[in-house]
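Colleague: Dropping the structure in here first, questions after.
Please treat every number below as a calculation from the coordinates, not as lab data. Since the structure is predicted, the reported quantities are computational estimates derived from the model, not experimental observations. Backbone-built Cβ (ideal geometry, glycine too); neighbour counts: all protein chains shown.
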């Protein structure tokens, strides 16, 4: 089971594009975490989350590093369970990074806790409002990369800072990040008008040129928004099974122990599918999972199986309905697919060895990891 634990509603930032428009101040207690862990091990109901031999835990917030001791306590508790039962636990965390320090990074390394840092590169001042003196400087980013060379950046582009999007991706790459996940800001308070959409398209074109440049130079990198569109072309209709579907892929545990299909729905009773003490309500879960975009425009669209119109979280943020896609999302997906397809065709037709191995050789991830290990010896 993949499970996100919302450690706290509190955050030391106030980003203008954040989907938490009204943030609370509550934090989860350890007894609730214990109940969530135990539920993940024994949930044997005929749901889409059958009991198995592993649990993936993502520490989330708010800002999870405001509750460092809860993270440490959870890791100690699950480690003891693993020793007793053999049940495996995997950890990751999404953080704004402002509270990262060397002791925690050493702890994360020992626990194999993967860190994804939310950082918008040169756009970091475009949508982020710091509520205290905290800031994420280059030294802190370098410290993260020292302990986790494969650390992930989560980068959000919004209409106000879109002109710096490509430069931000290049800047993060220069800092040493090789796993860069990008996404446009979503929400009814985010206005993507014609002008900002045209600028976004220009920025994606620039990023496509960076992708070609880095690939031809033999560099290893993963640019999430581009890689997924390439994969969707190669895998065809099979790829649709990998796209996010509300209520199917994971659960999110709120600070009060209630269970939701995704972090964006925490606190909304319409999307509650159970709690950590009584487990998942199968009927509610399956009812949510069956809700799909009902638009005939989506059904007849040529890129239907490659588009993330099934993501109920984004749909809800933009339109207020999990099964209604916004005009911006439709425009964005068609724009991105077109740009990526043209870029990928150039690399494929040039028979670029790095590109072909990366996308067509199933052994590439393992081979790449071995190469990196030998290079560091």
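Colleague: 222 nm [θ] for the chain, helices only, -39500 (n - 2.57) per DSSP H run of 4+, per residue, to 500? Walk me through the numbers before you get to the answer.
Modeller: Working: 13 runs with 161 residues, N = 377.
The helix contribution divided over the chain gives -13500 deg cm²/dmol.
Colleague: Tell me, how many Å apart are the Cα centres for region 254-273 and for region 333-368?
Modeller: After rounding, the separation between the Cα centres reads 37 Å.
Colleague: Next up: Average the reciprocal distances over every distinct pair of alpha-carbons in the chain, invert the result, and give the Kirkwood radius in Å. Mind dumping the intermediate values first?
Modeller: Working: mean 1/r = 0.0457 Å⁻¹.
Here the Kirkwood hydrodynamic radius works out to 21.9 Å.
Colleague: Next question. How high is the relative contact order of the chain, given as a whole-number percent (alpha carbon pairs under 8 Å, six or more residues apart)?
Modeller: Values: 601 pairs, mean separation 63.8, N = 377.
It comes to 17 percent, rounded to a whole number.
Colleague: Using square roots of five times the C-alpha gyration tensor eigenvalues, list the equivalent-ellipsoid semi-axes of region 63-117 in whole Å, biggest first.
Modeller: Values: eigenvalues 94, 22, 19 Å².
For region 63-117, the ellipsoid semi-axes come out as 22, 10, 10 Å.
Colleague: Roughly what would the spin-label model give for residue 137 and residue 106, points 7 Å off Cα along C-beta, in nm?
Modeller: 2.2
Colleague: What per residue convex hull volume, in Å³, comes out for region 267-347 when only alpha-carbon positions are used?
Modeller: Details: hull volume 10.1 nm³, N = 81.
That works out to 125 Å³ per residue.
Colleague: Based on the Cβ-Cβ distance from residue 25 to residue 270, what FRET efficiency comes out when R0 is 22 Å, to the nearest 0.05?
Modeller: Numbers: r = 23 Å, r/R0 = 1.05.
E between residue 25 and residue 270, to the nearest 0.05, is 0.40.
Colleague: Could you compute the FRET efficiency for residue 167 and residue 188, with r as their C-beta to C-beta distance and R0 at 25 Å, rounded to 0.05? Don't skip to the answer; put the middle values down first.
Modeller: Details: r = 28 Å, r/R0 = 1.13.
E between residue 167 and residue 188, to the nearest 0.05, is 0.35.
Colleague: Still on this model: Could I have the simple spin-label model distance between residue 42 and residue 79, label points 7 Å from Cα toward Cβ, reported in nm to one decimal?
Modeller: 2.5
Colleague: Continuing with the same structure: Take the Cβ-Cβ distance between residue 54 and residue 238 as r, set R0 to 41 Å, and report the resulting FRET efficiency rounded to the nearest 0.05.
Modeller: Values: r = 24 Å, r/R0 = 0.58.
Computed FRET efficiency for residue 54 and residue 238: 0.95.
Colleague: With a point put 7 Å past each Cα toward its Cβ, work out how far residue 351 is from residue 256 in nm, to one decimal.
Modeller: So the two model labels end up 6.3 nm from each other.
Colleague: When you have a sec, figure out the Kirkwood radius of region 303-342 from all distinct Cα pair distances and drop it here in Å to one decimal?
Modeller: 10.3
Colleague: I'd like to compare 255-261, 330-336: which one has the highest average count of other Cβ atoms within 10 Å, and what's the full order after that? Could you put the intermediate results ahead of the total?
Modeller: On the way: 255-261: 21.9, 330-336: 18.6.
Listed from highest to lowest mean packing, they are 255-261, 330-336.
Colleague: Let me ask you something else. Which order do the peptides 6-13, 316-323, 368-375 take when ranked by the mean count of other beta-carbon atoms within 10 Å per residue, highest first?
Modeller: Top of the packing list down: 6-13, 316-323, 368-375.
Colleague: Could I ask something else about it? Between region 168-245 and region 303-331, how many Å separate their Cα centres?
Modeller: 17
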